[in-house]
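Worksheet: the structure to be examined is printed underneath.
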């Protein structure tokens with residue numbers, strides 16, 4: 001036990017020294033939340049306003065297309081809120097697909113470095129993490145995002161279509177353009 005403690009303490013000390021060094025390099029203005037523009041990409045920008053409409057509690061109408069003519073229908077709820085100082089929208093999903101309970105979580109944001117919207121998603125139907133980047137069309141009120149499919153699969157496309165302040169839809173397409181999932185969201189009263 002003492003050997004582990006002896007090894008851990010120098011590492012812990014190095015972390016403290018690094019923390020002190022980094023904090024001393026941050027100006028008083030930056031610590032107070034003010035900045036001179038050199039770190040502007042670290043803060044939410046004007047494009048983050050397009051994400052405001054996703055905030056709230058939503059009822060979900062899920063349609064899973066698995067090659068059958070009639071989709072598998074299910075339902076759920078989604079709660080979305082700002083996180084990390086307004087940099088991302090955090091999403092928590094609970095619902096069912098068939099008779100299986102599904103929990104999911106995601107982040108939606110705008111990457112000021114790549115100048116693209118970004119979405120990440122994980123849920124209990126898979127061990128894969130879906131990450132997509134893309135654009136927003138203000139005229140169409142639509143986010144179009146692309147990312148790699150699951151291992152061994154081709155690229156997928158996600159569309160988030162805003163229908164009004166109280167509804168939007170999420171559509172997932174396979175590389176061949178075939179829809180694999182559609183979720184209609186209605187603001188929970």
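No lab work stands behind these numbers, since they all come straight from the coordinates. Just so it is clear, the model here is predicted, and its values are computed rather than measured. Because the Cβ atoms are built from the backbone with ideal geometry, glycine has one as well, and the counts that use them run over all protein chains shown.
Cβ crowding within 10 Å ranks 165, 179 as 165, 179, fewest other Cβ atoms first. Does region 71-134 come out rounded, prolate or oblate by the C-alpha gyration tensor, with a ≥ b ≥ c the root eigenvalues, rounded set by a/c under 1.5 and, if not, prolate when a/b is larger than b/c and oblate if not? It is prolate, given that a/c is not under 1.5 and a/b is the larger ratio. With the Cα gyration tensor of region 61-189 giving a ≥ b ≥ c as the square roots of its eigenvalues, does the rule (a/c under 1.5 for rounded; else a/b larger than b/c for prolate; else oblate) give rounded, prolate or oblate? Rounded shape, in that the Cα axes give a/c under 1.5.
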